[in-house]
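A short worksheet on the structure shown next.
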Amino acid sequence: MNLDPDQLSSYANTFLKVLIDYSPKLISAFIILFAGLYIIRLINRFIRRIMVKRNLDPTLTKFLADILLWVLRIILFVSFISKLGIETSSFVAILGAMGLAVGLSLQGSLSNFAGGMLIILFKPFKVGHTIEAQGVIGTVNEIQIFVTKLITANNQTIFIPNGSLSNGNIINYSLQRIRRADLTIAISYDTDIKKAREMITAVLKNNPKVLETPAAEVSVKNLTDSAIQIAVRPWATNEDFWGVYADTLENCKQAFDTAGIIIQPYVKESSKKNNTESNEI
């Protein structure tokens, strides 16, 4: 293919003319873009400082700041393409159609976004609280727009979608300052119930982590076929709860061993049924 030098020269002159005519728009558009990004960063920092000074919840602060950041970026992008000479009306129509299509395909994500908004507004839990939800227990590490991040006791990270989290049952173990341990100790029918209760009460009184108010409860819970079940319900702070739970079981076992009281092992109903059928045979 032979190229005419005059034709190439004409193309080059046309390109340079268009470039020279369009360069002011191009330069001004990029000035707006870079200046806008810098200003948005300053505004975001300023808003965060104001919300921190007003002692707003850290999660709410981050959530609102992120939303503001993306809104300002979208406005800047529309201004940028408008300065380039692109018709924004048709562009907005295209964005609307794309938004509808994306919205229909991402209904679950929108549900998670709405769930995150509900969690932020109504605050059933905060960062640092220990909760039980969706069959898992963990400490809230971060509340994001779509998911909530939990850290379990064995240092595993669990992400729960905000949609299912906001629509399900949530047990917040940190909302109250104190917590009650519900323990059950089974003893044989040969044991003096009054003596066993007195020993358990003494164990609880000797533990400084057990709260005096509310008072601990030691009472007969149930009379089964194989044992007397005693309910032991001491109160402790959230920080001392698991220590009180373990110490109560250990110290009661040691006290019973010293007094010669036998803790009755748990017998499953299926095992008792099998033993009964064997005896009948």
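At a glance:
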read-out: In segment 117-172, the residues that are among the charged types (D, E, K, R) and farther than 22 Å from residue 61 by Cβ; value: 132
read-out: Strands (runs of 3 or more DSSP E) wholly inside segment 153-233 containing at least 3 residues that are in contact with a Lys or Arg (Cβ under 7 Å, 6 or more places away or on another chain); value: 228-233
read-out: Subset of segment 214-223 [under 15 Å from residue 189 (Cα atoms) and surrounded by 15 or more Cβ atoms within 10 Å (Cβ to Cβ)]; value: 221
read-out: Test: residue 128 is part of a loop (DSSP other than H, G, I, E, B), more than 30 Å from residue 259 (Cβ to Cβ) and either touching a residue at least 60 places away in the same chain (Cβ under 8 Å) or not charged (D, E, K, R) (or both); value: yes
read-out: Residue in segment 53-65 that is among the aliphatic types (A, V, I, L, M), surrounded by fewer than 15 Cβ atoms within 10 Å (Cβ to Cβ) and assigned to a helix (DSSP H, G or I) present; value: no
read-out: Some residue of segment 125-142 being surrounded by 15 or more Cβ atoms within 10 Å (Cβ to Cβ), at pLDDT below 85 and in contact with a helix residue (DSSP H, G or I) (Cβ under 7 Å, 6 or more places away or on another chain); value: no
read-out: Selected residue (only one of 136, 210, 140, 203 is among the hydrophobic types (A, V, I, L, M, F, W, C) and in contact with a His (Cβ under 7 Å, 6 or more places away or on another chain)); value: 140
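The values are calculated or read from the model by the stated rules, or taken from the named source; none is laboratory data. Note that this is a predicted model, so its numbers are computed, not measured. When we count neighbours, we look across all protein chains shown, and the Cβ atoms used for this are built from the backbone with ideal geometry, even at glycine.
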